[in-house]
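Working notes for the structure below.
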Amino acid sequence: MDKIRLGFALTGSFCTLERVLDILSELCPEKYDIYPILSENTMSCDTRFMTRQEILDRLALITPNTPIRSIKEAEPIGPRKLLDALVVAPCTGNTLAKLANGITDSSVTMAAKAHLRNERPLIIAPSSNDALSANLKNIGLLMNTKNVYFVPFSQDDPTSKHRSVISHFELIEETVEEALNGLQKQPIILCKKRLAAAGNSRLS
């Protein structure tokens with residue numbers, strides 16, 4: 001059985017990067033061939049959460065494939081039909097807005113544009129403080145876009161951050177599997193209490 005060629009794009013939701021890398025490291029190497037794609041912001045900032053070098057070091061332990069870091073490097077994804085599926089996780093509000101409005105000015109948005117020309121699934125895992133305000137219309141546009149799928153998400157702090165959402169990154173693999181069959185993982189909007197009752201130990 002051929003491996004699934006999975007693009008995995010990281011954008012600058014810095015507080016979630018380590019968690020996403022943990023999920024990425026759990027994907028079976030016999031099942032997936034991982035192609036990392038790093039946004040320019042991810043590669044230009046050292047933060048209290050992770051440094052640029054720490055991100056690169058983690059990726060080197062997960063996949064032998066060299067990370068794509070520029071528009072020029074991402075463009076061949078389309079003509080070469082490099083990927084079977086592409087995940088953007090975490091996907092910031094900035095990247096959400098660009099994807100929804102056809103703006104291609106970064107390695108990640110170019111990767112998504114190039115990939116979608118092949119009618120193959122793009123899976124978005126939002127992590128954004130304005131997902132339920134300025135970016136809500138963009139989420140709606142993308143949910144109505146062919147070959148675009150969402151990792152289920154929840155409000156991460158409805159008391160203090162009323163409009164913020166974060167994806168349940170532990171559902172990335174299930175969402176990818178559904179998307180490869182042309183299906184959206186359901187339900188898209190999850191309740192933490194409901195997941196807790198189901199015994200899920202990795203809540204957003």
field: Qualifying position, being part of a loop (DSSP other than H, G, I, E, B), farther than 25 Å from L180 by Cβ and in contact with a Lys or Arg (Cβ under 7 Å, 6 or more places away or on another chain), among M43, M50
entry: M43
Filter pass, L83 being over 22 Å from S128 (Cβ atoms) and buried (at least 22 other Cβ atoms within 10 Å of the Cβ): yes
- request: Working only within the stretch 17-50, note down all residues that are surrounded by fewer than 16 Cβ atoms within 10 Å (Cβ to Cβ), at pLDDT 95 or above and in contact with a helix residue (DSSP H, G or I) (Cβ under 7 Å, 6 or more places away or on another chain).
  value: S25
- line: Residues of the stretch 159-173 being among the β-branched types (V, I, T) and crowded, with 20+ Cβ neighbours inside 10 Å, in sequence order, are V165, I166, I172
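Quick grid of which residues meet (1) at pLDDT 95 or above; (2) in contact with a strand residue (DSSP E or B) (Cβ under 8 Å, 6 or more places away or on another chain):
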position	(1), (2)
S106	yes, no
R120	yes, yes
L142	yes, yes
P152	yes, yes
C191	no, yes
message: Considering only residues that are modelled with pLDDT of 95 or more, surrounded by 20 or more Cβ atoms within 10 Å (Cβ to Cβ) and of a type in the set (V, I, T), which ones fall in the stretch 1-16?
response: T11
- request: Residue by residue through the stretch 116-168, note down the ones that are small (G, A, S) and under 30 Å from P76 (Cβ atoms).
  value: A125, S127, S128, S167
- prompt: So which of L17, L96, L61, L21 is over 13 Å from the mean Cα position of the chain (by Cα), in contact (Cβ under 8 Å) with a residue 24 or more places away in the chain and assigned to a helix (DSSP H, G or I)?
  reply: L61
field: Sole residue being modelled with pLDDT of 90 or more, surrounded by fewer than 21 Cβ atoms within 10 Å (Cβ to Cβ), within 13 Å of A85 (Cβ to Cβ) and of a type in the set (V, I, T), chosen from V148, V176
entry: V148
field: So D156, is it under 23 Å from F14 (Cβ atoms), among the acidic types (D, E) and either in contact with a helix residue (DSSP H, G or I) (Cβ under 7 Å, 6 or more places away or on another chain) or crowded, with 24+ Cβ neighbours inside 10 Å (or both)
entry: no
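The values are calculated or read from the model by the stated rules, or taken from the named source; none is laboratory data. Given the structure is predicted, the values throughout are model-derived calculations rather than measurements. Please note: Cβ atoms are built from the backbone with ideal geometry, for glycine as well, and neighbour counts cover all protein chains shown.
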